[in-house]
Amino acid sequence: MYRIATKKVLNKSVTQMEIEAPLVANKAKAGQFIILRVDEEGERIPLTVAGTDKENKTVKIIFQTVGATTLKLAEKNEGEYISDFAGPLGTPTHTEGIKNVCIIGGGVGCAIAMPVAEEFKRLGADVTSIIGFRNKDLVILEEEFRNISDKLTVMTDDGSYATKGNVTQPLKEYLENGEKFDMIIAIGPVIMMKFVVETAKPYGTPVTVSMNPIMIDGTGMCGGCRLTLNQDGKKVTKFACVDGPDFNGYEVDFDEAMSRGRMYSDFEHHAYEKTCNLFKGGRENG
Amino acid sequence: MADMSPKKNPMPVQDPIVRAHNFDEVALGYSEETAMKEAMRCLDCKNMPCVSGCPVNIHIPAFIAKVREGDFEGAYEIISMSSSLPAVCGRVCPQENQCEKKCVRGIKGESVGIGRLERFVADWHNAHSEKEVTPPEYNGHKVAVVGSGPSGLACAGDLAKKGYKVTVFEALHTAGGVLVYGIPEFRLPKSIVAKEVETLKKYNVDIETNVIIGKTLTIDELFDMGYEAVFIGSGAGLPNFMGIPGESLKGVYSANEFLTRSNLMKAYKKDSDTPIMSGGKVAVVGGGNVAMDAARTALRLGAEKVYIVYRRSMEELPARKEEVEHAEEEGIIFKILTNPVEILGYNNPDNPRDEKNGFVTGMKCIEMELGEPDERGRRRPVEKQGSEFTMDIDTVIMSIGTSPNPLIKNTTKGLEVNNRGGIVVSEDGLTSREGVYAGGDAVTGAATVISAMGAGKTAAKAIDEAIKKKDVK
């Protein structure tokens, strides 16, 4: 059993927790993920590590309530326990030789982008951050990003906060103005990562994307997290859990990844509704 | 005088029509009377050919003699001298290729039902024995075991019985490895695996779940923690795919994923939180035990029709004979001498947002015929030109083997692997690293439970000898 050391509600659908897991806290690096189960009958879900506290032996996770499991997790309180927490899995984000980096976070993807930006800052790189959200209510981690970024642009789709538009607009402006990033790292919805790649392409700037497909074991056994890369005209199958989650954005077949991500959307919706009803009455922000 | 009837006493089974819709165990096991009757068929041969067919060399005629006398606990004691998981092996060993293949009674008629007797003895013991396990005195040495599948449990069990303090590290949340995530309930009830694990715990074996060796801890860190030897039984790894178009469509699974969802993640239970495609027409590609398990699981989850698509003929099916027979009885359709060339998906050209887009609708296959034997003596299947046809399919399950998991190899300096990624070991399981042993699928690629167990036992013996040698110095 793993204790929830702290819990903080970041917005109505995004929650931050620190989980006591000494072995994972000792090892986890930016870009890696963990697998957790809330209770004995629960499913295994992957969540990216949003930071570690080596002193308190805790691992920070930030998650959006999208399905039954994340809803159950969000209902847990400080001091309560979850049944399983394993990791760190996946390969850490590549940082070597990168002196000028553009970090792009979309929605809850910012939770993953933040520790990556932090790591680059720690290594002394120039960090330009662009973070985007659907609307004002969904903005998270703005303060944290401001503290670790040399430049920060905040975008909202509907213009209810900061600049209206999506993250590719400021990226395009930077690139057009001759900004030479060694690397763009895009973390967020698959569609956003796809368009970041398309925006960067004419300028030849390398793009790393962080893929978050459906996973079960997370250890290189089930193959559910597979995605297709186009490498030198050849289609290659890779597994996000052991080969990723970071991939060269120019190689990823995003359309396929988006399609595969929707495999269980009907089921998820149904399970979410079921769990939601279970919690009815005890929940204000449904 | 031996009972000379040419056939085995039949195994009572659930009716195929009933069992095709439930996850309860198919084979029900012998009664005491039937077991004693079957034991009468053993000739008690002096040269014991059956023993040489058993990967862990169980003293088969000796335990059968005890069954014949009605001394079932005595029989159990004989089996457990050689096997750590008799209730498991009695159910999942391919006996027809091992002990029973060598049985003299098999020359004219059917061999003695050794597997059925082993299962009976183990179940009898589990149901009746009240003997308390007394762990031996701690010998002052610690050994780490990576993975709690058959090889890891066997290795841990043997070492614990010699007085070692053994810790088993398991990546998943439940101990048992393939016995839990891979083999379905109807063939191996999970309560039996849990019981075997409980027995090991009584021998002071610690099981640490949620620890991924190679990630959470490395092999080198295990030595730093005071373990004097490490056994790697991390099992098979990433599933293989055919490399044909359409394998990333929605509705295409690896057998590992499909079975893990159903078994470990309990999608087989009604009201489970785990989603799985159920119903419709299912094609399982491959002919091994895993393919049979996937096909029969799909059927039980409510599939209308389930096909096994296999490129060779019935003769070459690598699955256990009993599983093939059970599958046929349950109504699984065998499309043999058939190989998929493409998986077809739905695509609405007028509406890219159509929810059905990207789901499997069919599988294009080609007929095969058997040509010249390959290097292993199996006749090589070759395509019949122009014989392509399309099957109407909703779910495809690829069951064509696995490649070893890279996590340990990638984080362990000096650990030699072969060109397929399997860990290279000597005869007694020693790897290229001092004090590091390995066995099971991590070494051989996909194989059987009993051969993995055998490798775990061999390594346990070698580890014991190596540590004792150090003690003397």
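What to note about this one:
- Residue in region A:188-204 that is in contact with a Lys or Arg (Cβ under 7 Å, 6 or more places away or on another chain) and surrounded by 16 or more Cβ atoms within 10 Å (Cβ to Cβ) present: yes
- Of all residues in region B:270-295, those satisfying the criterion of being assigned to a loop (DSSP other than H, G, I, E, B) and either farther than 20 Å from B:Arg187 by Cβ or without any contact (Cβ under 8 Å) to a residue 24 or more places away in the chain (or both) are B:Lys270, B:Asp271, B:Ser272, B:Asp273, B:Thr274, B:Pro275, B:Met277, B:Gly279, B:Gly280.
- Options A:Gly249, A:Gly220, A:Gly188; residue that is within 13 Å of chain B (Cβ to nearest Cβ) and either touching a helix residue (DSSP H, G or I) at 6+ places or on another chain (Cβ under 8 Å) or at pLDDT 95 or above (or both): A:Gly220
- When region B:223-241 is filtered for residues that are at pLDDT 95 or above and either facing another protein chain (nearest Cβ under 8 Å) or closer than 20 Å to B:Val396 by Cα (or both), nothing remains.
- Whether a residue is buried (at least 20 other Cβ atoms within 10 Å of the Cβ), more than 9 Å from chain A (Cβ to nearest Cβ) and within 30 Å of B:Lys457 (Cα to Cα) was assessed, and B:Val284 does not pass this test.
- 1 or more residues more than 14 Å from every other protein chain (Cβ to nearest Cβ) and surrounded by 21 or more Cβ atoms within 10 Å (Cβ to Cβ): qualifying strands (runs of 3 or more DSSP E) within region A:1-109: A:14-20, A:45-53, A:58-64, A:100-106
- Considering region B:373-417, the residues that are among the acidic types (Asp, Glu) and in contact with a strand residue (DSSP E or B) (Cβ under 6 Å, 6 or more places away or on another chain) include one that is farthest from B:Gly235 (Cα to Cα), namely B:Glu388.
- B:Glu100 modelled with pLDDT of 90 or more and buried (at least 24 other Cβ atoms within 10 Å of the Cβ): yes
- Filtered residues of region B:240-269 (kept if within 17 Å of A:Leu227 (Cα to Cα), under 19 Å from the mean Cα position of the chain (by Cα) and without any contact (Cβ under 8 Å) to a residue 40 or more places away in the chain): B:Glu257
- Scanning region B:428-471 for residues that are surrounded by fewer than 24 Cβ atoms within 10 Å (Cβ to Cβ), in contact (Cβ under 8 Å) with a residue 24 or more places away in the chain and part of a loop (DSSP other than H, G, I, E, B) gives B:Asp428, B:Arg433, B:Gly435, B:Gly445, B:Ala446, B:Thr448.
- Scanning region B:95-154 for residues that are closer than 19 Å to B:Leu28 by Cα, more than 19 Å from the chain's Cα centre (by Cα) and aliphatic (A, V, I, L, M) yields B:Val112, B:Leu117, B:Val121, B:Ala127.
- The residue that is surrounded by the fewest Cβ atoms within 10 Å (Cβ to Cβ), counting only those in region B:400-425 that are within 23 Å of the chain's Cα centre (by Cα) and away from chain A (no Cβ under 14 Å), is B:Arg420.
The values are calculated or read from the model by the stated rules, or taken from the named source; none is laboratory data. A quick note: this is a predicted structure, and the numbers were derived from the prediction, not measured. Every residue, glycine among them, receives a Cβ derived from its backbone with ideal geometry; neighbour counts consider all protein chains shown.
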